[in-house]
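S.K.: Would you mind keeping the following structure in view while I ask a few things?
The values are calculated or read from the model by the stated rules, or taken from the named source; none is laboratory data. None of the values given here were measured: they were computed from a predicted structure. Reconstructed Cβ throughout: ideal geometry from the backbone, glycine too, with neighbour counts over all protein chains shown.
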Ligand code: C2E
Ligand code: MG
Ligand code: MG
Ligand code: MG
């Protein structure tokens, strides 16, 4: 009897596994199609000066307009894209779309300041990355300083020699580096000295309770002190409340990003809020 039960349980488990595997394969197939059919798009979220509320730049965040399931955030498909290598094609599309959008905004007399693009580890090992970025910039008339890249600590630490080579070439094109989700990776700090990012983005984990917890404030303060000594800018991610904003500003962290100021939004919604701009 115990054996029977065991077998029954096993077969349930097996069915679950199969169902999962089938779902994954289906999603992979759909994502391939999505890349062909141009179903991916970028939403943008503002980076602001929290003292004044002024917008300083935008972060591009990918979305998938799925034909049946509606608009999907990256949590539904980025991991799969990374595991299957589809992230490379996805990444090219993101670079292309961000450059094209910047050109459209400029043509419409608007400028977001700077657009930051998220890159995944696999993209950052592609030696061809700087050339492709340069090509997209040339075709769309994107100028040095108008683009930035965001990478996580683990990406930067995976192969620092390659990272440094690619970074140097991207810097020559006028792209600056932000370290995303700063403080959450299992990282040493040595890479800060080596790679000299322009900006650290303090992860939401330190922001969530910054207004109520002294330990979070101490950690943010330490990050700010270290960054200042290295001439690195700091921006806080995931600011949702006035209290969080004020606590961070009081610590000296006035560059902020979060739902409090602006949710990630579609292009049409944002355009009117961008600064007026005339071609020089
Ligand atoms: P990330 O780069 O750290 O982006 C910040 C995430 O936090 C975004 O989630 C954003 O919508 C969300 N967020 C912003 N403000 C708030 C807030 O006040 N509260 C809360 N709770 N969340 C906030 P999203 O858009 O779902 O993106 C998740 C992650 O997916 C990104 O994290 C990034 O790692 C990745 N990702 C997004 N776009 C791309 C892309 O084009 N390429 C690659 N490789 N990864 C991307
Ligand atoms: Mg990011
Ligand atoms: Mg982040
Ligand atoms: Mg994140």
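S.K.: Residues being touching a helix residue (DSSP H, G or I) at 6+ places or on another chain (Cβ under 9 Å), more than 11 Å from residue 194 (Cα to Cα) and either touching a residue at least 60 places away in the same chain (Cβ under 8 Å) or within 16 Å of ligand 2 (Cβ to nearest atom) (or both): count how many of those fall in segment 145-168.
M.R.: 5
S.K.: Of the residues 234, 239, only one is more than 13 Å from ligand 1 (Cβ to nearest atom) and touching a helix residue (DSSP H, G or I) at 6+ places or on another chain (Cβ under 6 Å); which?
M.R.: Going through 234, 239 in turn, just one is more than 13 Å from ligand 1 (Cβ to nearest atom) and touching a helix residue (DSSP H, G or I) at 6+ places or on another chain (Cβ under 6 Å): 234.
S.K.: Part of a helix (DSSP H, G or I), buried (at least 18 other Cβ atoms within 10 Å of the Cβ), within 16 Å of ligand 1 (Cβ to nearest atom) and modelled with pLDDT of 95 or more: is that true of residue 247 in this structure?
M.R.: Taking the combined requirement at face value, the residue satisfies it.
S.K.: Moving on to the next point. Residue check: is residue 133 more than 16 Å from ligand 3 (Cβ to nearest atom), within 19 Å of the chain's Cα centre (by Cα) and touching a residue at least 40 places away in the same chain (Cβ under 8 Å)?
M.R.: Yes, satisfied.
S.K.: Exactly one of these conditions fails for residue 77: (1) surrounded by 12 or more Cβ atoms within 10 Å (Cβ to Cβ); (2) farther than 30 Å from residue 255 by Cα; (3) within 20 Å of the chain's Cα centre (by Cα). Give me its number.
M.R.: Residue 77 satisfies every listed condition except (2).
S.K.: Let me ask you something else. Just to check your reading of the model, which residue among 98, 46 is under 28 Å from residue 163 (Cα atoms), in a helix (DSSP H, G or I), touching a strand residue (DSSP E or B) at 6+ places or on another chain (Cβ under 6 Å) and away from ligand 4 (no atom under 16 Å from the Cβ)?
M.R.: Result: 98 is the single residue among 98, 46 that is under 28 Å from residue 163 (Cα atoms), in a helix (DSSP H, G or I), touching a strand residue (DSSP E or B) at 6+ places or on another chain (Cβ under 6 Å) and away from ligand 4 (no atom under 16 Å from the Cβ).
S.K.: Hey, does segment 132-143 have a residue that's within 16 Å of ligand 4 (Cβ to nearest atom) and under 18 Å from residue 62 (Cβ atoms)?
M.R.: no
S.K.: Can residue 253 be described as within 30 Å of residue 72 (Cα to Cα) and at pLDDT 95 or above?
M.R.: no
S.K.: Considering segment 199-221 alone, what residues qualify as being touching a helix residue (DSSP H, G or I) at 6+ places or on another chain (Cβ under 8 Å), within 16 Å of ligand 2 (Cβ to nearest atom) and either farther than 28 Å from residue 148 by Cα or part of a helix (DSSP H, G or I) (or both)?
M.R.: Of everything in segment 199-221, those that are touching a helix residue (DSSP H, G or I) at 6+ places or on another chain (Cβ under 8 Å), within 16 Å of ligand 2 (Cβ to nearest atom) and either farther than 28 Å from residue 148 by Cα or part of a helix (DSSP H, G or I) (or both) turn out to be 206, 207.
S.K.: Listed residues 64, 55; which is surrounded by 17 or more Cβ atoms within 10 Å (Cβ to Cβ), over 26 Å from residue 31 (Cβ atoms), modelled with pLDDT of 95 or more and in contact with a strand residue (DSSP E or B) (Cβ under 9 Å, 6 or more places away or on another chain)?
M.R.: Within the list 64, 55, the selection yields 55.
S.K.: What residue, among those in segment 101-122 that are within 16 Å of ligand 4 (Cβ to nearest atom) and modelled with pLDDT under 95, is nearest to the chain's Cα centre (by Cα)?
M.R.: Ranking the qualifying residues of segment 101-122, first place goes to 120.
S.K.: Right, next: Anything in segment 155-197 that is within 20 Å of residue 219 (Cα to Cα) and surrounded by fewer than 16 Cβ atoms within 10 Å (Cβ to Cβ)? List them, or say none.
M.R.: 184, 186, 188, 189, 190, 193, listed by residue number.
S.K.: Which of the residues belonging to segment 202-240 are under 21 Å from residue 46 (Cα atoms), surrounded by fewer than 20 Cβ atoms within 10 Å (Cβ to Cβ) and out of contact with any strand residue (DSSP E or B) (no Cβ under 7 Å at 6 or more places or on another chain)?
M.R.: 204, 205, 208, 238, 240
S.K.: May I ask you to say which residue of 60, 103 is in a strand (DSSP E or B) and in contact with a helix residue (DSSP H, G or I) (Cβ under 8 Å, 6 or more places away or on another chain)?
M.R.: Matching residue, one of 60, 103: 60.
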